[in-house]
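The values are calculated or read from the model by the stated rules, or taken from the named source; none is laboratory data. Because the structure is a prediction, the values reported are computed rather than measured. Ideal geometry is used to build each Cβ from the backbone, glycine not excepted, and the neighbour counts take in all protein chains shown. Side chains included, ligands, DNA and RNA excluded: accessible areas come from the protein's heavy atoms. Shrake-Rupley method; radii C 1.70, N 1.55, O 1.52, S 1.80 Å.
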Amino acid sequence: MAQSYPSQPDQVIPEPVPVPVAAARRTVNWPHVWAYIGLSFGLAWLVDLVLYLNGGLTHPSAILMLQFQMLMPAFAALLLGMFFFKESLIYYKTNHTASRWFIYYYFLMTFAYLIAAVIGSIQTALSTTLSGYLLIFSVLGLVLLAVLRWRGGPQSFAGAGMAFGKIRIWLLYGLAMVLFYGLETLLNYVFKLGTLADITKMYPPGTTDAIPPLALLASTFLNAVIIGPFLGLIITFGEEYGWRGYLQGELVHLGRVRGVGLLGIIWGVWHWPVIWMGYNYPGQPVLGSLLMTGYTVVLSYFLAYAVFKSKGVWTAAYLHALNNQAMSFFVAAVVTPVSMVMSFNIGIPALVLCALVILLLLRDPVWKETD
């Protein structure tokens, strides 16, 4: 077929307006996805291997190592996005927003955890002290976020794929999560799947003798659901920017329902080495791995729903931190399950109850939107 030309010799055909790659693409960039999965899994499982070779979850530095592991998904996503994925919103040659300073800080914090993990593995007596010092990094990270958000404006993080989201969603969904875990705790007690916990065991002996039981319970609850989630916010960002920030943004091109389900499976498999070491489901490496995957699938749908509604990955980081703190509180301070496999926390009954909630959430039209 002959090529057509303008009817007038001096007619000028305007250049097409360039469309950003991220906005134009409607398919999954599988080479990038596999690179991310390989790096995030490789780094996290290497940490798990070191922990296993040093005695597993009984090692004094186990909590420190597990926190270090949680930083790996975001570290992998930030490293690849900033220096290797040229179309990324955070690529170092194109991202000149205030968010880049937080990324540099996150790299510094990850390096600090690496040093602390190495020292804690060798000098076990220093593990508790090191954890206390690392808490300073979390607090300073929150201060840095506030300053950068104030100086750069909301777009400085939103334009880099790190939007904070709507505070209304933080509060409403956070409240719903706490009430849900409260209901599960009540069900554990009613169906005799757990026993009343002794809250004093959460504290050093003798430190709570002068505090009335109800006052101690209320104080512990407030610390868990108000202060704890913010102190753990940077740590859970370590998972959420990787899973909900980067990987979800790719996989939803398969369709939101399918993509989030696949993400939940990947997230569950990422946890398997610590499950094999007895985390969450002691003595149940195979069934525990399957249950953890089921739990991460339903939790992925809830966190994704919150991100879709709030339009901010920090919403997922907050809810993730609140999830960890609230569940720990109800298990350790209120009703302790007899078996984690058969409990309304992360066991089979919990998965059935969570699945019913997710089926209701999936009726929202937001799941039919395209990305």
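Before moving on, here are some points about what is shown:
- In region 123-154, of all residues being closer than 24 Å to Ala98 by Cβ and at pLDDT below 90, the one that is least open to solvent (accessible area, probe 1.4 Å) corresponds to Gly153.
- Subset of region 263-279 that is open to solvent by 30 Å² or more (accessible area, probe 1.4 Å) and in contact with a Leu (Cβ under 8 Å, 6 or more places away or on another chain) - its residue that is farthest from Gly245 (Cα to Cα): Met277
- Evaluating Val341 against the criteria (1) open to solvent by 10 Å² or more (accessible area, probe 1.4 Å); (2) of a type in the set (A, V, I, L, M, F, W, C); (3) part of a helix (DSSP H, G or I) leaves one unmet condition, (3).
- Residues that are small (Gly, Ala, Ser) and either touching a Phe, Trp or Tyr at 6+ places or on another chain (Cβ under 6 Å) or free of Cβ contacts under 8 Å to residues at least 24 places away in the same chain (or both) within region 140-152 comprise just one, Ala146.
- Unmet criterion (only one of (1) over 22 Å from Gly141 (Cβ atoms); (2) assigned to a helix (DSSP H, G or I); (3) touching a helix residue (DSSP H, G or I) at 6+ places or on another chain (Cβ under 6 Å); (4) open to solvent by 10 Å² or more (accessible area, probe 1.4 Å)) for Gly288: (4)
- Selection of region 183-219 for residues being aromatic (Phe, Trp, Tyr) and farther than 18 Å from Ile346 by Cβ yields only Tyr203.
- Any chance Tyr295 is more than 30 Å from Leu145 (Cα to Cα) and open to solvent by less than 10 Å² (accessible area, probe 1.4 Å): no
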